[in-house]
Amino acid sequence: MVIATWNVNSIRARLDRLRAWLQRRQPDVLCLQELKVVDEAFPAGPLRELGYHAAVHGQKTYNGVAILSRAEPREVHRGLEDDDPQARLISARVAGVRVVSVYVPNGETAGSEKYAYKLAWMERLRDWLRRRCSPDEPLVVCGDFNVAPDDRDVAFPDLWADSVLCRPEVREALAGILAWGLEDVVRGHHPEGGVYSWWDYRMLAFPRNNGLRIDHILATPVLAGRCTSAEVDRDERRGDKPSDHAPVIATFREDRS
């Protein structure tokens, strides 16, 4: 099973690129973030033509997450089961694997209300995992976490040290989510670091490779142990009207137990 995640930064703006990428890479599951459309405006039809079902949790202008899958998604759940109106989580069971697509808040600036919301949201995600999931089941949590786990995931650590993507508090919050029972599969295949998934549109960040790895595929041990490869499709950040994020892709071998 090939599972990927991609913050497309507007499904409308990136639909042609998304369709071309799906045809080229043909993942079994693709988690999407930052759709920026309500459910009714999601382009399910053009994606169905390519053989993909879509489970969507949309929102006008901001946020929005989805799971595309070749197998029909079942047991679809949206949100963290509270009154938060922001569309930042969707989960579904796909071919025996529980898949969770998340879009963690950016946090804007340290000390702001949005930063406090980010930290609280990450703690709520950990609580949701405790309540609704088991670290013993085949499960992946995929998405834009807006956190670079450590300095190996930042091209210029000194430049980003005080950023809301790298501050100790957010790294500790991500470590807490991992401690619930998840493994970073990209880290497992690239322990040396130097692999990035996001480059700012500004200041020639991509040509200068001023990147950070903030998009992750986290898997429970039963699934992580079957991960045969994990990569970032850096080339998808090139060309005309790209997202500022590149897709992250992991391949898992069949369970033969």
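Placing R0 at 41 angstrom, the Cβ-Cβ distance between Ser10 and Arg253 gives a FRET efficiency of 0.75 after rounding to 0.05.
Across the chain, the mean sequence separation of Cα contacts (distance under 8 Å, 6 or more residues apart), normalised by length, yields a relative contact order of 19 percent. Among the cysteines of the chain, Cys133, Cys166, Cys227 have no other cysteine beta carbon within less than 4.7 Å of their own.
Quick one: check the C-alpha center-to-center distance for region 111-164 versus region 200-239, whole angstrom. Centre-to-centre (Cα) distance: 15 Å.
Dividing the helix sum by the residues of the chain, where each DSSP H run of 4 or more adds -39500 (n - 2.57), gives a mean residue ellipticity at 222 nm of -7000 deg cm²/dmol. Each DSSP beta bridge with both residues in the chain is either parallel or antiparallel, and the antiparallel ones are about 80%. Treat the chain as a sphere of radius equal to its Kirkwood radius over Cα pairs and apply Stokes-Einstein at 10 °C in a medium of 1.306 mPa s; give the translational diffusion coefficient in µm²/s, rounded to a whole number. Diffusion coefficient, whole number: 88 µm²/s. In this rough spin-label picture, where each label sits 7 Å from Cα along the Cβ direction, the Thr109-Arg130 distance is 3.3 nm.
Dipole magnitude for region 2-252: computed about the Cα centre from +1 point charges on Lys and Arg Cβ and -1 point charges on Asp and Glu Cβ, it is near 620 debye. Here's the list of aspartates and glutamates a cross-link from Lys118 could span, going by alpha-carbon distance under 13 Å and ignoring same-chain residues fewer than 8 apart: Asp84, Glu108, Asp144, Glu169, Glu172.
Among the GluC sites (Glu not before Pro) within region 206-257, those in coil by DSSP and having at most 13 neighbouring Cβ atoms inside 10 Å are Glu254. Backbone N atoms of region 215-233 closer than 16 Å to the 7 Å Cα→Cβ label point of His189 belong to residues 215-220, 223-233.
Throughout, read-outs are computed from the coordinates displayed, never taken from laboratory work. All values derive from a computational prediction rather than experimental measurement. Cβ: placed from backbone, ideal geometry, glycine included. Neighbour counts: every protein chain shown.
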